[in-house]
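**Student:** Quick one: structure below, then a few questions.
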Amino acid sequence: MNRNFLSTHFFLFIFVAFLSTSCFTDREVDERMESIKAAKRGVGASSNEILSANKFSSIDLEIQYMEGFQPNQASIGTIVNWMEDLVNKPDGINVRMKSIPAVGQEDYSLDEIRAIEDNNRSSYNSGSELGLYILVLDGYFDEDTETEFSLGISHRNTSLTLMGQRILENSGRVGKPSKEKLESTVLEHELGHLMGLVNLGSNMLIEHEDEEHDHHCDNSHCLMYWAVETNVLYNAVNNDIPVLDQNCINDLKANGGK
Ligand SMILES: [Zn+2]
Ligand SMILES: [Zn+2]
């Protein structure tokens, strides 16, 4: 009898424990699914969330690189410092970097890039922390032409991709910038798009969008000039990392930035 009593209670305990665990998990699963959905909006849709502290007080920056294409630690330091000067995140920017298996394709379509992200990304909005994701590929972008190709792209509200093979081929040799400088430049440019530049979520205080290149700045010395993310800028000269011009800075400030 005593034994039955104990075992009944034991099973009741297990049952209740199971129920409460399962309810808690359901709620967590719901929140997670909402966060994943929230990360599938267009570029610029999270510009205010990235710039201001209204909804998120910190950023969880996840960087995943295909084996052999690890970004330089110094580049990561450079872009985090750059962001910290622009965004209102009192609880900081936390970086996590890890490798994922190389896929080995020569080039990747947008759909393929997004599928790789969906299979590997773990950083999604959670509480007051905003999830941001950088993927470094082992190949090229399949929309490149013979004469113009992408070094990086921003393709969702909190997602950007670096074309690792292009970065390697266009840096660290005579007449080319260092790998650190090139990847920092391209990452900052793509992050600028996620922050809503130009006219992509951060409204322009003064008209400065390039008429021939949507969502880029008309100032050829600005970080958000269109050629910065392509081979065009770096083919000839070994430039410093371009900085944002005053028009771009003003747009970020007006959208919640520092
Ligand atoms: Zn661009
Ligand atoms: Zn500009």
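**Student:** What do you reckon, is LYS40 under 14 Å from the mean Cα position of the chain (by Cα), touching a residue at least 24 places away in the same chain (Cβ under 8 Å), over 20 Å from SER171 (Cα atoms) and surrounded by fewer than 16 Cβ atoms within 10 Å (Cβ to Cβ)?
**Tutor:** Against the criterion (under 14 Å from the mean Cα position of the chain (by Cα), touching a residue at least 24 places away in the same chain (Cβ under 8 Å), over 20 Å from SER171 (Cα atoms) and surrounded by fewer than 16 Cβ atoms within 10 Å (Cβ to Cβ)), LYS40 qualifies.
**Student:** GLU169 fails exactly one of the following numbered conditions: (1) crowded, with 16+ Cβ neighbours inside 10 Å; (2) away from ligand 2 (no atom under 15 Å from the Cβ). What is the number of that condition?
**Tutor:** (1)
**Student:** Return the residue satisfying two criteria in turn: it lies in the stretch 146-164 and is in contact (Cβ under 8 Å) with a residue 12 or more places away in the chain and over 23 Å from GLY104 (Cβ atoms), and of such residues it is surrounded by the most Cβ atoms within 10 Å (Cβ to Cβ).
**Tutor:** Once the filter is applied, the top-ranked residue is THR158.
**Student:** I've got another one for you. Would you call GLU143 surrounded by 24 or more Cβ atoms within 10 Å (Cβ to Cβ) and more than 12 Å from ligand 1 (Cβ to nearest atom)?
**Tutor:** When the stated conditions are applied, GLU143 does not pass them.
**Student:** Looking at the stretch 209-228, which of its residues are crowded, with 19+ Cβ neighbours inside 10 Å and not in a loop (DSSP other than H, G, I, E, B)?
**Tutor:** CYS217, TRP226, VAL228
**Student:** Of all the strands (runs of 3 or more DSSP E) wholly in the stretch 46-164, which have at least 2 residues that are hydrophobic (A, V, I, L, M, F, W, C)?
**Tutor:** Because the criterion is at least 2 residues that are hydrophobic (A, V, I, L, M, F, W, C), the strands (runs of 3 or more DSSP E) in the stretch 46-164 that meet it are 58-66, 93-100, 129-137, 159-163.
**Student:** Considering only residues that are within 20 Å of the chain's Cα centre (by Cα) and either assigned to a loop (DSSP other than H, G, I, E, B) or farther than 18 Å from MET83 by Cβ (or both), which ones fall in the stretch 184-208?
**Tutor:** MET195, GLY196, LEU197, VAL198, ASN199, LEU200, GLY201, SER202
**Student:** Can you name the condition, by its number, that LYS181 falls short on among (1) surrounded by fewer than 20 Cβ atoms within 10 Å (Cβ to Cβ); (2) more than 12 Å from ligand 1 (Cβ to nearest atom); (3) part of a helix (DSSP H, G or I)?
**Tutor:** Failing condition for LYS181: (1).
**Student:** In the stretch 203-220, is there at least one residue being touching a residue at least 12 places away in the same chain (Cβ under 8 Å) and of a type in the set (Ser, Thr, Tyr)?
**Tutor:** No, there is no match, as no residue in the stretch 203-220 is touching a residue at least 12 places away in the same chain (Cβ under 8 Å) and of a type in the set (Ser, Thr, Tyr).
**Student:** Run LEU110 past the list (1) crowded, with 19+ Cβ neighbours inside 10 Å; (2) among the aliphatic types (A, V, I, L, M); (3) touching a strand residue (DSSP E or B) at 6+ places or on another chain (Cβ under 9 Å) and report the number of the one that doesn't hold.
**Tutor:** It fails just one condition, (1).
Throughout, read-outs are computed from the coordinates displayed, never taken from laboratory work. What you see is a predicted model; the values in this text were computed from it and never measured. Virtual Cβ from ideal backbone geometry, glycine too; neighbours counted across all protein chains shown.
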